[in-house]
Amino acid sequence: MSTTTTAAAVAPLTTDEAETLVAAARAAAEAAGVTVSVTVLDAGGHLLAFRRDDRAVLISGETSTRKAYTALQLDAPTAGLAGLVKPDGPFHTLPTALDRPLLFIAGGLPLHRDGRIVGAIGVGGGTPDQDHGFAVTAVEELS
């Protein structure tokens, strides 16, 4: 008889949920008069949804994706990570140590279901505080 237990399966993040996140983040940004890009990744880091507003700065597409990837890989909001990669921080070489660079700027949030990570959202195009707020609004909409 085995004494190990198997964790119950957690439903993956769906494309419909990813689209809801994108729409909610974009609506929050539009209400603030900000053009953004929004990226949603699944638990494996694969793209589920992406949208760049017509007038959003071109780099926002890349920053939103890296913010989502960073939040996913570290299972933490990117808003609280910037101090860790400063020259005197414990992870100062981490942003360039991996094949796919991480981005330690606010706007990325991990997504959880039943206590397990199922994906991440990243928003880019506004100030870091704005991007973080738009991502939080999107996650609240999904809850």
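All of the numbers you see were taken from the coordinates with simple rules; none came from a lab. Small disclaimer: the values here were computed from a predicted structure and weren't measured. So basically every Cβ, Gly included, is an ideal-geometry build from the backbone, and we count neighbours across all protein chains shown.
How high is the relative contact order of the stretch 15-142? Use alpha-carbon pairs under 8 Å, at least six apart in sequence, and give a whole percent.
On the way: 293 pairs, mean separation 40.4, N = 128.
Relative contact order here is 32 percent.
Step through the residues of the stretch 35-44 one at a time and calculate ³J(HN,Hα) from phi using the Karplus curve (6.51 cos²θ - 1.76 cosθ + 1.60, θ = phi - 60°), rounding each to whole Hz and writing x for Gly and Pro.
9, 9, 10, 10, 10, 10, 10, 7, 5, x
Amide H to amide H under 5 Å from L111: which residues, 5+ apart in sequence or cross-chain, H placed 1.01 Å off N in plane?
V118, G119, A120, I121
Sticking to Cα atoms, compute the Rg of the chain to one decimal and its Dmax as the biggest Cα-Cα distance, whole number, in Å.
Rg and Dmax of the chain, Cα atoms, are 15.6, 62 Å.
Label A23 and T35 with points 7 Å out from Cα along Cα→Cβ: what is the distance between them in nm?
2.3
Just how large is the dipole of the stretch 15-142 about the Cα centre, in debye to the nearest 20, putting +1 at every Lys and Arg Cβ and -1 at every Asp and Glu Cβ? Intermediate results must be reported in sequence, preceding the final value.
Working: 10 positive and 16 negative charges, 64 e Å.
Once rounded to the nearest 20, the dipole reads 300 debye.
Just name one of L48, T35, A82: the one whose Cα is farthest towards the positive end of the charge dipole of the chain (beta-carbon charges, Lys/Arg +1, Asp/Glu -1).
Of the options given, the answer is A82.
From the helices alone, meaning DSSP H stretches of at least four residues, give me the mean residue ellipticity at 222 nm for the chain, per-run term -39500 (n - 2.57), in deg cm²/dmol to the nearest 500. Intermediate values should be presented prior to the final figure.
Details: 4 runs with 52 residues, N = 143.
It lands at -11500 deg cm²/dmol.
Using Cβ contacts closer than 10 Å as the measure, can you line up S37, S60, S143 from fewest to most?
On the way: S37 29, S60 23, S143 4.
The most exposed by this proxy come first: S143, S60, S37.
If you rank V136, V123, V10, V36 by fewest surrounding Cβ atoms within 10 Å, what's the result? List each step's numbers first, then the result.
Working: V136 19, V123 35, V10 14, V36 30.
So the ranking, lowest neighbour count to highest, is V10, V136, V36, V123.
Could you check which residue among R55, R26, R66 shows the biggest mean-square fluctuation in a GNM of the chain with a 10 Å Cα cutoff?
R55
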